[in-house]
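We did not get these values from a lab; they are worked out from the coordinates using the rules stated. Nothing here was measured: the structure is a model prediction, and the numbers come from that model. Note that each Cβ is placed from the backbone with ideal geometry, even for glycine, and that neighbours are counted across all protein chains shown.
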Amino acid sequence: MSKRCSVAFILAFVAFLAFADEGGLIEGEKWAFLVSPPAGWVRDSASLRSQGIQGLFYKAGSRFDPSELHIYISPSPKKEGGPFTLAEFVEADEESFMVSYPGILVKDLKPYAPGMGYVFTVRELDDANDGYYQELAYYAGDAAFFVFVLSCRSPEEREGERHALFELLDSFTYISKE
């Protein structure tokens, strides 16, 4: 009977590895998290890897195009000089893109709390000049800040795909590696 259990475990492990790119573990030096793509979406761990992004998601059957619908998770390791709080990080992040794109409108939305103690600060960004509409969710882990970005081409597309961002947030599990 133990051989059957071992074979079943090995088969399950191989199946997990075969589908690992669909979701799974994303890690940095002192942090990691588990996440699953929204229904009908796939994970791409290669396209934005050079920018430090292993969590890129887009609709199944399509290819990544930065000017099309996609979601990505951007980690920012915490630094000695700050920012120290999530509010400070969000403020610094907003200031950085307001300098680069002064026409962007930022709207604070109700925080999203899917349970288990997770609370995400949520913002909408409208760049009508360039036709980009985003919804951002921010989270502070022990060793890093994370920005979850739903990038769309219209406010209507953002409204229609917001559920996918929240489904991704629902699957998020932070892991401290300290």
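Here is how the numbers come out for the structure above:
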| quantity | calculated |
| --- | --- |
| Alpha-carbon radius of gyration plus Dmax, which is the widest Cα pair, for the range 108-178 in Å | 13.1, 43 |
| Helix 86-100 vs. the chain, principal-axis angle (Cα, 0 to 90°, nearest 10) | 60 degrees |
| Length gained when the stretch L25-T173 is fully extended (0.36 nm per residue, less Cα-Cα span) | 52.3 nm |
| For the range 158-167, 3J(HN,Hα) per residue [Karplus equation, 6.51 cos²θ - 1.76 cosθ + 1.60, θ = phi - 60°, Hz, x = Gly/Pro] | 4, 4, x, 10, 3, 4, 5, 4, 5, 5 |
| Relative contact order [Cα under 8 Å, 6+ residues apart], the chain, whole percent | 24 percent |
| Segment S154-E91, extension gain: residue separation times 0.36 nm, minus the distance between their alpha carbons | 20.2 nm |
| Calculated FRET efficiency for the pair D65/R162, C-beta based, R₀ 22 Å, to 0.05 | 0.65 |
| GNM result for the chain, Cα springs below 10 Å: residue of L150, L69, L48 fluctuating most strongly | L48 |
| Fluctuation leader among G160, G81, G52 - the chain, Gaussian network, Cα springs under 10 angstrom | G81 |
| Amide hydrogen neighbours beyond the local backbone of K78, cut-off 5 Å, H modeled | A144, F145 |
| Whether the range 94-146 is rounded, prolate or oblate, judged on the alpha carbon gyration tensor where a/c under 1.5 counts as rounded | prolate |
| Where only C-alpha atoms are counted, convex hull volume of the chain per residue in Å³ | 147 Å³ |
